[in-house]
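Each remark here refers to the structure printed beneath this line.
The values are calculated or read from the model by the stated rules, or taken from the named source; none is laboratory data. In this text, all values refer to a predicted model and were calculated from it rather than measured experimentally. So basically every Cβ, Gly included, is an ideal-geometry build from the backbone, and we count neighbours across all protein chains shown. Each accessible area value is taken on the protein alone, full model and side chains, heavy atoms only, with ligands, DNA and RNA left out. Shrake-Rupley method; radii C 1.70, N 1.55, O 1.52, S 1.80 Å.
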Amino acid sequence: QVDLVESGGGLVQPGGSLRLSCVASGSIFSLYLMGWYRQAPGAQRELDARITSGGGTHYADSVKGRFTISRDNAKTTVSLQMNSLKPEDTAVYYCNAFLPPNASWGQGTQVTVSS
């Protein structure tokens, strides 16, 4: 298990940008598959982006070209740069760390896109 702490959420206008960060505890961060998920009210949690230990990335179709996931293993941090935000991006965003068989979640950070 690893402890995850997200930050960077907030209120932004449509078309704006936010950068989310997730700091992980533990000495084997570089081995984890890291991901960012969102959960809108009344909806299931869904994957936005993930990044492997080797730096390979995968994005949901809804965020391709707008969101960029990155990691800094030295700082045990994974980030999500979100550009061209839309009202439908409004959700609580969660950081996830996965190393079989364990998965850990952060507490979530609220992102609200509204004019």
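Modelled spin labels at K86 and R45, positioned 7 Å past Cα toward Cβ, are 2.4 nm from each other.
Translational diffusion coefficient of segment 5-74 (Stokes-Einstein, Kirkwood radius from Cα pairs, 20 °C, 1.002 mPa s): 158 µm²/s. Computed over segment 11-50, the convex hull of the alpha-carbon atoms projects to a mean area of 4.3 nm².
Between amide H atoms placed 1.01 Å from N, distances below 5 Å from T90 occur with V113, all of them 5 or more places distant or on a separate chain.
For segment 18-74, the set of trypsin sites (Lys or Arg not before Pro) satisfying both a DSSP loop assignment and a count of at most 16 other C-beta atoms within 10 Å is given as R45, K64, R66. Net charge dipole, the chain: roughly 160 debye, given to the nearest 20, about the Cα centre with Cβ charges of +1 for Lys and Arg and -1 for Asp and Glu. Calculated FRET efficiency, W105 to L31, Cβ-Cβ distance, R0 = 25 Å: about 0.90 to the nearest 0.05. Accessible area per residue for the chain is 51 Å², calculated with a 1.4 Å probe on protein heavy atoms, without ligands, DNA or RNA. Near G108, the amide H atoms lying under 5 Å from its own belong to E6, C95; only residues 5 or more places off or on other chains count, and H is placed 1.01 Å from N. Here the extension length gained between F98 and S70 equals 8.5 nm, from 0.36 nm per residue of separation less the Cα-Cα distance.
Close amide H contacts of F67 (hydrogens built in the peptide plane, cut-off under 5 Å, sequence separation of 5 or more or a different chain): N83.
Rounded to a whole number of µm²/s, how large is the Stokes-Einstein D of segment 33-92 at 4 °C and 1.567 mPa s, given Rh as the Kirkwood radius over C-alpha pairs?
D, rounded to a whole number, is 107 µm²/s.
Computed over the chain, relative contact order equals 37 percent, with contacts defined as Cα pairs under 8 Å that lie 6+ residues apart.
Karplus-derived 3J(HN,Hα) values for segment 35-44, using 6.51 cos²θ - 1.76 cosθ + 1.60 with θ = phi - 60°, are x, 10, 10, 10, 9, 8, x, x, 10, 7 Hz; glycine and proline are entered as x. Evaluating 6.51 cos²θ - 1.76 cosθ + 1.60 at θ = phi - 60° for every residue in segment 21-29, the Karplus couplings come out as 10, 9, 9, 10, 8, x, 9, 10, 3 Hz, glycine and proline recorded as x. Averaging Cα coordinates gives a centre for segment 53-76 and one for segment 23-49; these two points are 11 Å apart.
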